Amino acid sequence: MPEVPTASVMMGAQLPAFKFRSRREGVDYRRINSIDVDRVASELDLNTLQDNIMCVTFCNMDGEKCAYCHNPVDSVLLKLFRLAQLMLEYLLHSQEYLTCSLQVEEGKVHALTCEKEQMMREMEKQAEEIKSLKEECRKRKKIISTQQTMIQAGVANYHKCQCCEKAFMNYSFLQSHIQRRHPEQYINEKQKTGQNNKFQEEINKLKEQLELTKSQLETEQQVYRTRLSQVKFYFATEEQKRKNKKNKTKYSQVIK
C-alpha cells in the first residue's frame, strides 16, 4: 500500500486519482495455511487481518492450479476472488483517504485550539488592562470630586503639589502622590527632610545644653544669695552686738 501523505501535504493537495494496481506477487500458501480463519472470526483478531490484507489483495491467482488435480482454478471462483481483491483495494484507498482527511481535520482542530488559547490569553490581558483602567478612573474621579469640594467650600489651606496642578486635603496624600508621580522630587524632599532633621537634632542638643547651663546658673545664683544672706545676717548680728556693748559702756559711765 502506498505511504499515507502527511497532514501538511494534504492541506495543500488532494489524493491522486484512484487506479487499480496490477497483481504480480505470488501466493504465500504457507502463510495463508497457518491462519485459523474460525479463530480470527470468533476472536475478532483484526491484527491478523491487517498483517495479511496486502498479501491477499495484491497476489496473482491467474497461473495457480489445484494442488490435488493440477487443473486450473475454476474461472468463476477466480473471478469472484479477483472481484473481492478489487473491493479490498478500493476499501484500502478509502481508508487512506479517510486517514488523510482525519489528519487534515485534526490539524485544523489543533490550529483552532491554539488560536482559541491565544485569544483567551489576549482576553485575560485585556481584562487586566480594563480592571487597571477602571481603578485609575475611580482614583481620578475621587481626585476631581475632592478638588470640586475644596473649590466649592473655598478651602485655602489645602496642600498643592509643586510639580503639577493637583491638590490634596492633607499632607500625607500629597506625599503619596509625589512618591508615585514625582519620585525625583520625593527623593530631593526626603534628603532635605533628612538635613532638616539633622539640623533640628543639633538645635535640640544646643537647647538642652542651654537649659542645663541656665539651670546651673540659677543654682549658683541661689547659692550666692544664700551665702550673701548669711553674710548680711552675720554683719547685722555683729553690729547689734557692738551697739549693745557700746550702750552698756555708756550706762556704766552714767552710773559712776
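The values are calculated or read from the model by the stated rules, or taken from the named source; none is laboratory data. Keep in mind that what you see is a predicted model, and the values were worked out from it rather than measured. Note that each Cβ is placed from the backbone with ideal geometry, even for glycine, and that neighbours are counted across all protein chains shown.
Summary table
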| quantity | calculated |
| --- | --- |
| Which numbered condition Gly107 misses (of (1) over 33 Å from the mean Cα position of the chain (by Cα); (2) in contact (Cβ under 8 Å) with a residue 60 or more places away in the chain) | (1) |
| Residue in region 182-199 that is closer than 30 Å to Glu136 by Cα, at pLDDT 80 or above and surrounded by 13 or more Cβ atoms within 10 Å (Cβ to Cβ) present | yes |
| Any hit, region 11-19, residues being surrounded by 12 or more Cβ atoms within 10 Å (Cβ to Cβ), part of a helix (DSSP H, G or I) and modelled with pLDDT under 75 | yes |
| Residues located in region 75-106, provided they are closer than 18 Å to Tyr29 by Cα and loosely packed, with under 12 Cβ neighbours inside 10 Å | Leu77 |
| Pair list, Cβ under 8 Å, 6 or more apart: region 161-186 residue under 16 Å from Thr146 (Cα atoms), other residue among the basic types (Lys, Arg) and surrounded by 15 or more Cβ atoms within 10 Å (Cβ to Cβ) | His177/Lys166 |
| So Glu165, is it loosely packed, with under 10 Cβ neighbours inside 10 Å and not in a helix (DSSP H, G or I) | yes |
